[in-house]
Every structure is written in structure tokens, then in C-alpha cells.
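The values are calculated or read from the model by the stated rules, or taken from the named source; none is laboratory data. Given the structure is predicted, the values throughout are model-derived calculations rather than measurements. Every residue, glycine as well, gets a Cβ built from its backbone with ideal geometry; the counts of neighbours run over all protein chains shown. Surface areas here come from the heavy atoms of the whole protein model, side chains and all, with no ligands, DNA or RNA. Shrake-Rupley method; radii C 1.70, N 1.55, O 1.52, S 1.80 Å.
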Amino acid sequence: MDNATGESWRLDTPDLIQQIALLAYLNKGEEGERFYKLVTAGRVWYEVYRRVSDQDEIEAARAQCILAIAEYIKKNPKASQEEVAKEVGKHIQEFAAKVDAM
């Protein structure tokens, strides 16, 4: 699709909700204003929480852990269950250490 009429105009869910709230505010005045303020405050507080609580870094470390485990299994398809469990345990301990260091 052309970017002028396609994907670049698409809204993700939070943006769509905020736009609906803004439209309600513009069309319905006071009722819509409360809804718009609520949605906007919710988005702001969610973003502040994510930044303060290191959630993005935790999710990145989790993804890195999972990818490392998957890579080990892919490179060692004949590894025993004990070997896989040992490798998984190692990566989980590394993940836990990263989270504790945050």
C-alpha cells in the first residue's frame, strides 16, 4: 500500500482510543472532555510507570534470554534434557541478575 493512504495513517490501539476521546470532546463538550482527560491521563501515567519501573529494560532482557535459549537448542538439537535444563537455568540466572541490577 502507498504510505500516503496506507499504513502510515493507521493508529495503534492507544492512539485510536485517544482520538475517539478527542472526537467525543469536540462533539459532546463536557462529557467528552472528561473522557478525553481520563484517556490522556491514563496514557501519561502508563508511560511514566514504564520508564520509572524499568519495564522496557526488563522486557528486553527477557527477550534476550529467550533468544539465547532458542539459539542453544537450535545449535544443539541432540542435547539431553539435562543439558538443556542446565543451559536454561544458566540463562534464567543471567536474566535474574540483570533484573536485580536494575
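Results for (1) touching a Leu at 6+ places or on another chain (Cβ under 9 Å); (2) surrounded by 11 or more Cβ atoms within 10 Å (Cβ to Cβ); (3) not in a helix (DSSP H, G or I), shown as yes or no for each residue.
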position: VAL39; (1), (2), (3): yes, yes, no
position: VAL44; (1), (2), (3): no, no, no
position: GLU47; (1), (2), (3): no, yes, no
position: ALA79; (1), (2), (3): no, yes, yes
position: VAL84; (1), (2), (3): no, yes, no
position: GLU87; (1), (2), (3): no, yes, no
position: LYS90; (1), (2), (3): no, yes, no
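Being part of a helix (DSSP H, G or I), within 16 Å of HIS91 (Cβ to Cβ) and at pLDDT below 90 narrows it down to one of GLU59, GLU33, so name that one.
Values: GLU33 fails: within 16 Å of HIS91 (Cβ to Cβ).
It is GLU59.
Just to be sure before I move on: is LYS74 in a loop (DSSP other than H, G, I, E, B), loosely packed, with under 13 Cβ neighbours inside 10 Å and either at pLDDT 90 or above or touching a Ser or Thr at 6+ places or on another chain (Cβ under 9 Å) (or both) in the structure I sent?
Here the answer is no, as LYS74 does not meet what is asked.
Here are ILE58, ILE66: which of them is over 14 Å from ILE17 (Cβ atoms), of a type outside the set (Gly, Ala, Ser) and open to solvent by 80 Å² or more (accessible area, probe 1.4 Å)?
ILE66
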